[in-house]
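Report on the following structure.
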Amino acid sequence: MTTALQLTGHRDQLFNQVIRQQLDSWISKYPPGQSQSAVIPALHILQDSHDGWLSEGLMRALADYLEIPAISVFEVATFYTMFELKPVGKHKISVCTNISCLLCGSEEIANHLQKRLGIGFGQTTADGKFTLKEVECLGACVGAPMLLLDRQYHEHLTPDKVDALLGEVK
Amino acid sequence: MVNIEIDGIPLRVDSAKMIIQAADEAGIDIPRFCYHKNLSIVANCRMCLVEVDKARKALPACATPVANGMKVFTQSEIALQAQRGVMEFLLINHPLDCPICDQGGECELQDLSLGYGSGISRFSEKKRVVKDKDIGPLVQTDMTRCIHCTRCVRFGQEIAGIKELGATGRGEHMEIGTYVEHSLASELSGNIIDLCPVGALTSKPFRYKARAWEMTSHPSIAMHDAVGSNLDLHTRQNEVMRVVARDNDSVNQSWISDRDRFSYLGLKHPDRLLNPMIKQNGEWQVTDWQTAMEFAVDGLKHVKTKNGADQIAGLISPTATLEEGYLFQKWLRAFGSQNVDHRLRQQDFSDAGHDQFSAMSLADIESSDAIVLLGCNIRSEAPLLAHRVRQSAYAGGLISDINFFKTDLLMPVDRQVVVNSAQLFVLLSGVAKTLLQRVDETTAKAWRHMMREKAPSATEQNIAMQLANAHQAVIIVGALANQHPQASAIRSLAALISELTGAHLLILPDANSQALHLAGALPHCDASQELKDGLNANAIWEEQLRAYVLFNIEPEFDCADPAAALLALQRAGFVMAINSFQCDSLRDYADVLLPLAAFTETSGTFVGLDHQWQSFTGAVAPPGESRPGWKILRVLGNISKFNGFDYVSSEGVRQELQDQLNRLSSARKSIYIPAEITNVNGVQLISEVPVYRTDSLVRHSKALQLTPENQFLDTMRISPALAEKYGLHQGDAVQIQQDEFAVSATVLIDEQVAENMAHLAAASPLSARLGNAFGNVELSAMMESIDA
């Protein structure tokens, strides 16, 4: 469990010092007045320090920090599938079901995962360990079928490989 | 300039133009949804695809710049096929609910699908449905109908300065909305109704009321602020059904404020005065016009014989027309009374006669590179002027906001300085002192008593230098300054600074008060600028005269000192009101009520801050027995047996005034030099008129009264320091004592309010029970909560 982040109050007290430093380093990469450009990396930083998901308060605080309208943060966060708007499990499994993976058997992988974890897409296991997601192409067609476990790509999957993979996860 | 050809028509156009702009100028029709001439170009609807010679596929006309020798075809096979294809995609998710859609009959999608769509859909899959959002009392949403043109999103970002709507989600799941449901906070939000090409955003109060083809359009002018936005009144069977913007690039471009758009809802309010009424032996009687007017004239004549004509006073609303103002003062002056005024909310008149109403076009304000807002909550006072200031700020103009509280102007602001009355004079004299160091001895000497010893601060020097160095600078003096008890000193310091820097000085008029000024509805001079010695709006109440004539005002809301006004009216022997609305207090003190037509029902002239004379005519007949103001005043003149009241039209009135004004030489007046400034001690009120409490029509518009802007009428905003001093906490009930009057309000602690000042809305039922605006008050915590 991460420590609670400061989500209200003055701009220079938001989140915590470590996060502010990370955000500032991203903001400084863009010309002054264009802090909106930093919204994607900023959302990643916040999601990582907030149990893997973005709350409304977190996004509002980011809007305040970047000095942009809140809706501009919501637009980006709702657009990309890598941002979670509801609480997720400890590990996130994103299975690609796009055309290349589908042709190479992603359906079998998806079914196997759903049976093995006992959950459907968009759900989290009862113990809070895994969240299963169906995603669009992750650009690894050469290794289809594939999935993304947290930050790691796993390619050329078979049901056995999936079992082995799940076994390794703590 | 380049030479191009559209559909074989040779055109010579500016090389910075897009094809669609060139086509629009030439009157060649290209279909479009996302393109709007006053918004940025995004090219996301693709409806304007046209064939361009030598291009390998159809190009969007809105985002393709013209080039020399370019040949464009809007009706070729390639263009039509592309447009048909786009239309088919647009209609995939669009519901076929035109019969129950408010936009039906004036829908751009409906029109274009008739021209470019196919009769039968090839799409047999399920259409998506998007949940509606509640975005407040003014705009109705039906988001399933949205085609994602993003005009509303761009309007918020680029014109209103507040991006509240956005596109969330992706692909099939993309939705336009606020993400978290809330009421739109922009005072320009209604424009997205006009902008929406489909029925996704429609007017909530107008919903299911009428069809576009049943209504007739009448041009008119908005009377609620000094901009004079151009309107189209849509009427059906003698009823104004809705109000939309009429394009006028020199005034309001394509936009109008929500106040101008929704004030018409007040026209049908049950409190509308519909019949002439007279009070006899304490009983109100409905009567005919002749009887009522004779009664009124007799009443005034009686006062004149018994007490003298100087015991009669007339007050006229700043929303009255030029013609009404002229006849009003002409009639009262014929009686022999010089006590005529329209500056109802002002308290300090010592600079009267030195007035410098310099005209300034809205385009000039937009192109200024330094703007100082002085006691001006510009978003609420004149929303479309705020829009012009915002465009200046977006273009790099430096905006300085000096006010008694900080408010979000929704634009990049160079500095916001929060001052109380004493600090304001320190600041202004500091700015002036910086500049005086550079001028001749005589001017400096004349103003020495206003200057303090201390050297100007960095901020003061900065403001002075910004104004002096600007290519074009403006100082806008707003209502909060003009209604201040020491307004003359504020205005004259602003005039001095303007003279020393070459900046324009814009004393922001209240509604149509520029016209009423020209019409001579003033105690110190008439329309021919002959000097008179009448009582001003303040003295008229203080002197407690015998007879009052009110023209479309509700004294407890429209005057600087509600308590004094009420007392004077109750003690007066004779009160007549020519009003559009009646209320209990009016029935209590008045003796005659004459029903007045609203601006939609009369012809007249508006003169805004740009000094343009904009005349308009009535769109509907006045309801009941009510009559246009100029006609009422003409007949009152006749019944009073005065000469020169035989007008046949309002144009005749206007012409007479214009002839008088043409004879005047425009002598430049000197700047008023105030005596030393006395500082106020104790807590001073900031009596700001909220955006939807400005005049009686606006106050009777139900939808406007429901907006979030109007929810703080019973709230007193004070700084944390002041709250601590009086032991007040957030949400506490506080007693506000002003002389013998006391009211209770809820405390809102706000660091943005100046020290030792308490912000309390004026023109509200609460402040109607208090004395003068910007008065001194005593605060005390109330022991029991209000519920107990």
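Filter the range B:685-731 down to the residues that are polar (S, T, N, Q) and either under 26 Å from the mean Cα position of the chain (by Cα) or assigned to a strand (DSSP E or B) (or both) and list them by number. Write out each step before concluding.
Kept after step one, since they are polar (S, T, N, Q), are these residues of the range B:685-731: B:687, B:694, B:696, B:701, B:705, B:707, B:710-711, B:715, B:719, B:730.
If the condition is that a residue be polar (S, T, N, Q) and either under 26 Å from the mean Cα position of the chain (by Cα) or assigned to a strand (DSSP E or B) (or both), then B:687, B:694, B:696, B:701, B:705, B:707, B:710, B:711, B:715 are the ones that fit.
Can you tell me which residue within the range B:48-66, out of those that are assigned to a loop (DSSP other than H, G, I, E, B) and at pLDDT 95 or above, is farthest from the chain's Cα centre (by Cα)? Out of the qualifying residues, it is B:58. For the range B:758-776, which residues satisfy the criterion of being modelled with pLDDT under 95 and assigned to a strand (DSSP E or B)? Once the filter is applied, which keeps residues that are modelled with pLDDT under 95 and assigned to a strand (DSSP E or B), the range B:758-776 yields only B:776.
Each row is one residue, and each column tells you yes or no for (1) touching a residue at least 40 places away in the same chain (Cβ under 8 Å); (2) surrounded by 24 or more Cβ atoms within 10 Å (Cβ to Cβ); (3) touching a Leu at 6+ places or on another chain (Cβ under 7 Å).
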| position | (1), (2), (3) |
| --- | --- |
| B:594 | yes, yes, no |
| B:599 | yes, yes, no |
| B:613 | yes, no, no |
| B:631 | no, no, no |
| B:635 | yes, no, no |
| B:644 | yes, no, no |
| B:648 | no, no, no |
| B:654 | yes, no, yes |
| B:659 | no, no, no |
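Would you be able to say whether some residue in the range B:351-363 is of a type in the set (A, V, I, L, M), assigned to a helix (DSSP H, G or I) and over 25 Å from residue B:556 (Cα atoms)? For the range B:351-363, residues of a type in the set (A, V, I, L, M), assigned to a helix (DSSP H, G or I) and over 25 Å from residue B:556 (Cα atoms): present. In this structure, does residue B:288 turn out to be outside the structural domain of residue B:38 (by the TED database), of a type in the set (Asp, Glu) and under 30 Å from residue B:690 (Cβ atoms)? No: the conditions fail for residue B:288.
Residue-by-condition table, conditions (1) of a type in the set (A, V, I, L, M, F, W, C); (2) farther than 22 Å from residue B:703 by Cα; (3) in contact (Cβ under 8 Å) with a residue 60 or more places away in the chain; (4) buried (at least 19 other Cβ atoms within 10 Å of the Cβ):
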residue: B:168; (1), (2), (3), (4): no, yes, no, yes
residue: B:187; (1), (2), (3), (4): no, no, yes, yes
residue: B:203; (1), (2), (3), (4): no, no, yes, yes
residue: B:207; (1), (2), (3), (4): no, no, yes, no
residue: B:212; (1), (2), (3), (4): yes, no, yes, no
residue: B:228; (1), (2), (3), (4): no, no, yes, yes
residue: B:231; (1), (2), (3), (4): yes, no, no, yes
residue: B:238; (1), (2), (3), (4): no, no, yes, no
residue: B:245; (1), (2), (3), (4): yes, no, no, yes
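All but one of (1) under 29 Å from residue B:612 (Cβ atoms); (2) outside any helix (DSSP H, G or I); (3) among the acidic types (Asp, Glu) hold for residue B:499, so report the exception by its number. (2) is the only condition that residue B:499 fails.
Those residues that are of a type in the set (D, E, K, R) and either outside the structural domain of residue B:47 (by the TED database) or within 14 Å of residue B:61 (Cα to Cα) (or both), I need them from the range B:1-21; list them, please. Scanning the range B:1-21 gives B:5, B:7, B:17. What about residue A:21, is it in contact with a strand residue (DSSP E or B) (Cβ under 9 Å, 6 or more places away or on another chain), free of Cβ contacts under 8 Å to residues at least 24 places away in the same chain and over 23 Å from residue A:152 (Cβ atoms)? No, not satisfied.
Mind checking which strands (runs of 3 or more DSSP E) fall wholly inside the range B:108-182 and carry at least 1 residues that are in contact with a helix residue (DSSP H, G or I) (Cβ under 9 Å, 6 or more places away or on another chain) and within 14 Å of another protein chain (Cβ to nearest Cβ)?
Ranges flagged: B:166-168, B:175-177.
Considering the range A:25-39 alone, what residues qualify as being within 14 Å of chain B (Cβ to nearest Cβ) and either closer than 17 Å to residue A:78 by Cβ or part of a loop (DSSP other than H, G, I, E, B) (or both)? Across the range A:25-39, the qualifying residues are A:32, A:33, A:34, A:36, A:39.
Reported count of residues in the range A:49-80, each being assigned to a helix (DSSP H, G or I) and facing chain B (nearest Cβ under 8 Å), is 8. Restricting attention to the range B:475-494 and to residues that are under 19 Å from the mean Cα position of the chain (by Cα) and not in a loop (DSSP other than H, G, I, E, B), the residue that is nearest to residue B:407 (Cα to Cα) turns out to be B:480. Sub-8 Å Cβ pairs linking a first residue in the range B:83-94 that is in contact (Cβ under 8 Å) with a residue 60 or more places away in the chain to a second residue that is of a type in the set (Lys, Arg) and part of a helix (DSSP H, G or I), at least 6 apart or interchain, are B:94/B:145, ordered by first then second residue. The set of residues in the range B:581-605 that are in contact with a Gly (Cβ under 9 Å, 6 or more places away or on another chain), farther than 30 Å from residue B:230 by Cβ and part of a loop (DSSP other than H, G, I, E, B) contains only B:591.
Looking only at the range B:418-442, which residues are free of Cβ contacts under 8 Å to residues at least 40 places away in the same chain and assigned to a helix (DSSP H, G or I)? Within the range B:418-442, B:426, B:427, B:430, B:433, B:434, B:441, B:442 qualify.
Filtering the range A:105-156 to residues that are assigned to a strand (DSSP E or B) and either surrounded by fewer than 14 Cβ atoms within 10 Å (Cβ to Cβ) or free of Cβ contacts under 8 Å to residues at least 24 places away in the same chain (or both) leaves A:152, A:153, A:154.
In the set (1) in a loop (DSSP other than H, G, I, E, B); (2) within 21 Å of residue B:266 (Cα to Cα), the condition left unmet by residue B:202 is number (1). When the test is whether a residue is of a type in the set (Val, Ile, Thr) and assigned by TED's automatic domain parsing to the domain that holds residue A:23, residue A:99 does not pass it.
Per-residue answers, yes or no, for (1) basic (Lys, Arg); (2) more than 20 Å from residue B:630 (Cβ to Cβ):
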{"site": "B:321", "(1), (2)": "no, no"}
{"site": "B:327", "(1), (2)": "no, no"}
{"site": "B:330", "(1), (2)": "yes, no"}
{"site": "B:336", "(1), (2)": "no, yes"}
{"site": "B:347", "(1), (2)": "no, yes"}
{"site": "B:351", "(1), (2)": "no, yes"}
{"site": "B:361", "(1), (2)": "no, yes"}
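Pairs meeting the criteria (first residue in the range B:324-344 and assigned to a loop (DSSP other than H, G, I, E, B), second residue surrounded by 24 or more Cβ atoms within 10 Å (Cβ to Cβ) and among the aliphatic types (A, V, I, L, M), beta carbons under 6 Å, at least 6 apart or on different chains) are B:337/B:312; B:339/B:313; B:339/B:540; B:342/B:316; B:342/B:516; B:342/B:521; B:343/B:537; B:344/B:537.
Residue count for the range B:576-608 under the criterion of being modelled with pLDDT of 95 or more, closer than 14 Å to residue B:553 by Cα and small (Gly, Ala, Ser): the result is 5. Among the aliphatic types (A, V, I, L, M) and surrounded by fewer than 20 Cβ atoms within 10 Å (Cβ to Cβ): does that describe residue B:417? Yes; evaluated as a whole, the condition is true for this residue. Is there a residue in the range B:190-199 that is farther than 19 Å from residue B:132 by Cβ and away from chain A (no Cβ under 12 Å)? Looking for residues that are farther than 19 Å from residue B:132 by Cβ and away from chain A (no Cβ under 12 Å), one finds at least one in the range B:190-199, hence yes. Is it true that residue B:177 is assigned by the TED database to the domain that holds residue B:596 and more than 18 Å from the chain's Cα centre (by Cα)? Judged against the criteria, residue B:177 is not a match.
The values are calculated or read from the model by the stated rules, or taken from the named source; none is laboratory data. What you see is a predicted model, and the numbers here were worked out from it, not measured in a lab. As a convention, Cβ positions derive from the backbone with ideal geometry for all residues, glycine included, and neighbour counts pool all protein chains shown.
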